[in-house]
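Undergrad: Below you'll find the structure I mean.
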């Protein structure tokens, strides 16, 4: 093993101000700026951090889910986020079909989950975790 002090994830956005507004005000995460370098830290309720950095014109949104928000009730989470202006993605594939609210109802393929994007196009989700 190699020596390290902590592990964290990161992803890029094309507009750091929009990202700060979205993650802080829409999603309710604690967000801090890192030395005015166009870098944000998202402070997760579980104690971890995610670094979000500005990439400007070179930004390409992630084509996979970069953050998953575990919730007790996916319908309630979708309703709350929809009221805040979040639009949920629609899927109709062999493995994933979403309903009119944008929720894949799980079953044999996993938990009930709904995907949405941040202002930079990165994919996020809310997923129902059963105790």
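Taken together, the values in this text are just the output of simple stated rules run on the coordinates, not laboratory data. Bear in mind the structure is a predicted one, so any value in this text is a computation, not a measurement. Please note: Cβ atoms are built from the backbone with ideal geometry, for glycine as well, and neighbour counts cover all protein chains shown.
Undergrad: Between (i) 29; (ii) 33; (iii) 26, which matches percent of Cα pairs over 24 Å apart calculated for the structure shown?
TA: Matching entry in (i) 29; (ii) 33; (iii) 26: (ii).
Undergrad: Now for a different question. Of all DSSP beta bridges located in the stretch 9-58, what percent are antiparallel, nearest 5?
TA: Values: 9 of 14 bridges.
Bridges in the stretch 9-58 that DSSP calls antiparallel: roughly 65 percent.
Undergrad: Work out the FRET efficiency for residue 68 and residue 5 from their Cβ-Cβ distance, taking R0 = 35 Å, and round it to the nearest 0.05.
TA: Values: r = 25 Å, r/R0 = 0.71.
Once rounded, the FRET efficiency stands at 0.90.
Undergrad: Now for a different question. In which sequence would 95, 115 go, from the one with the fewest C-beta neighbours within 10 Å to the one with the most?
TA: Details: 95 8, 115 20.
Sorted ascending by nearby Cβ count, the order is 95, 115.
Undergrad: Of the residues 68, 14, 35, which exhibits the maximal mean-square fluctuation in a Gaussian network model of the chain defined by a 10 Å Cα contact cut-off?
TA: With Cα springs under 10 Å in the chain, the top fluctuation among 68, 14, 35 is at 35.
Undergrad: A further question follows. Fewest to most neighbouring Cβ within 10 Å: what's the order for 42, 89?
TA: Working: 42 23, 89 15.
If I rank by nearby Cβ atoms, fewest first, I get 89, 42.
Undergrad: Helix-only estimate, please: 222 nm mean residue ellipticity of the chain, summing -39500 (n - 2.57) across DSSP H runs of length 4 or more and dividing by its residues, to the nearest 500. Intermediate results must be reported in sequence, preceding the final value.
TA: Details: 2 runs with 16 residues, N = 131.
Taking each H run of at least 4 residues, the total per residue is -3500 deg cm²/dmol.
Undergrad: Quick one: length gained pulling residue 36 to residue 90 fully straight, 0.36 nm per residue minus the C-alpha distance?
TA: On the way: separation 54, 0.36 × 54 = 19.44 nm, distance 3.64 nm.
Result for the pair: 15.8 nm of gain on full extension.
Undergrad: So, one more: Please arrange 9, 112 by counting, for each residue, the other beta carbons lying within 10 Å of its beta carbon, fewest first. Don't skip to the answer; put the middle values down first.
TA: Details: 9 13, 112 20.
Starting with the residue having the fewest Cβ neighbours, the order is 9, 112.
Undergrad: To the nearest 10 degrees, how steep is helix 74-83 against the longest Cα principal axis of the chain, on a 0 to 90 scale?
TA: 60
Undergrad: Separate question: Restricting the count to DSSP beta bridges whose residues both fall in the chain, what percent are antiparallel, rounded to a multiple of 5? Could the numbers behind the result be given before it?
TA: Numbers: 18 of 29 bridges.
Approximately 60 percent, going by the DSSP bridge assignments.
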